[in-house]
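First the structure, in the form of structure tokens, and then the observations on it.
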Amino acid sequence: MSVKLTYFDIRGLGEPIRYLLKYSGINFEDDRISFDDWPKLKPSMPFGQMPLITEGARSCHQSVVIGRYIAKRAKLTGSNDWEDLEIDAVVDTVNDLRQKIGAYYFESNPEHKERLKATLLNETIPFYMQRLENIAQENSGYLAVRKLTWADFFFAAIIDLMSYFSGMDLLKDRPYLQTIKNKVDNLPAIKKWIDVRPKTDF
């Protein structure tokens, strides 16, 4: 069955899905939409959102849900319901931080943006990143259940976006999280993808 991933011509929220598709060996069409074309396409999208995955005549939106779906096929989930709970909790926590950083990046009011920046850099990012670093240390260099799961893929694929939006290297002085990113990025299928993927800022 043909698989198509539709998303902007950036890494962004599409990149964790691309990582998982590449790792799982699923051939897919990487359908990239320009920002200029998006207003025309948006009304045809479920809830006006991307990414969108299409398999044959079926399609589904929501990036985390798509990631979990592919992870099951790639056997990157837990061995029981509780392990899946732990993995999902980490993914949602990383996504929470991504949303907070995104709110700062896209804020158009300069004064409000400065206030958001102070809170983000001095409170929010240290709070989240140190706890994620602790989790990685406790799980022997993984983000959940002491083994490679789709939480590690999600983090490795989205951390560059969060660093770009925040204007700081979020992995600096966080060796366990840096190790996770290196571990995922150097998997043969992922390394090959990184070498050939379109070059974008984020």
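Just the residues that are more than 19 Å from ASP92 (Cβ to Cβ), assigned to a helix (DSSP H, G or I) and more than 16 Å from the chain's Cα centre (by Cα), please, taken from region 137-166.
Hit for region 137-166 is GLN137, nothing else.
Provide a single number: the residues in region 106-118 that are over 19 Å from the mean Cα position of the chain (by Cα) and under 16 Å from SER163 (Cα atoms).
3
Residue by residue through region 167-202, note down the ones that are over 16 Å from the mean Cα position of the chain (by Cα), surrounded by 11 or more Cβ atoms within 10 Å (Cβ to Cβ), not in a loop (DSSP other than H, G, I, E, B) and not aromatic (Phe, Trp, Tyr).
Within region 167-202, PRO175, THR179, ALA189, LYS191, LYS192 meet the criteria.
Which one is surrounded by the most Cβ atoms within 10 Å (Cβ to Cβ), of the residues in region 19-55 that are in a helix (DSSP H, G or I) and of a type in the set (Phe, Trp, Tyr)?
Checking each candidate, the answer is TYR19.
Given the structure, is SER34 under 15 Å from TRP150 (Cβ atoms) and either polar (S, T, N, Q) or at pLDDT below 95 (or both)?
No.
Suppose we filter region 56-71 for residues that are within 14 Å of LEU20 (Cβ to Cβ) and loosely packed, with under 13 Cβ neighbours inside 10 Å; how many remain?
1
Can you tell me how many residues within region 104-120 are surrounded by 15 or more Cβ atoms within 10 Å (Cβ to Cβ) and part of a helix (DSSP H, G or I)?
Residues flagged as surrounded by 15 or more Cβ atoms within 10 Å (Cβ to Cβ) and part of a helix (DSSP H, G or I) within region 104-120 amount to 6.
How many residues are hydrophobic (A, V, I, L, M, F, W, C) and farther than 20 Å from MET162 by Cα if we restrict to region 125-145? Walk me through how you get there before you give the answer.
At the first step, the residues of region 125-145 found to be hydrophobic (A, V, I, L, M, F, W, C) are 125, 127, 129, 132, 135-136, 143-145.
Narrowing the set further to residues that are farther than 20 Å from MET162 by Cα leaves 144-145.
Total satisfying the criteria: 2.
For the subset of region 65-102 comprising residues that are in a loop (DSSP other than H, G, I, E, B) and in contact with a Ser or Thr (Cβ under 8 Å, 6 or more places away or on another chain), which member is nearest to VAL145 (Cα to Cα)? Show your work before the answer.
Filtering region 65-102 down to residues in a loop (DSSP other than H, G, I, E, B) leaves 74-80.
So of that shortlist, the ones also in contact with a Ser or Thr (Cβ under 8 Å, 6 or more places away or on another chain) come out as 74, 76-78.
Details: ALA74: 16, LEU76: 11, THR77: 10, GLY78: 8 Å.
Per the criteria, the residue is GLY78.
The values are calculated or read from the model by the stated rules, or taken from the named source; none is laboratory data. Everything quoted here is computed from the prediction, not taken from an experiment. A quick note on method: Cβ atoms are made from the backbone with ideal geometry, for glycine too, and the neighbour counts reach across all protein chains shown.
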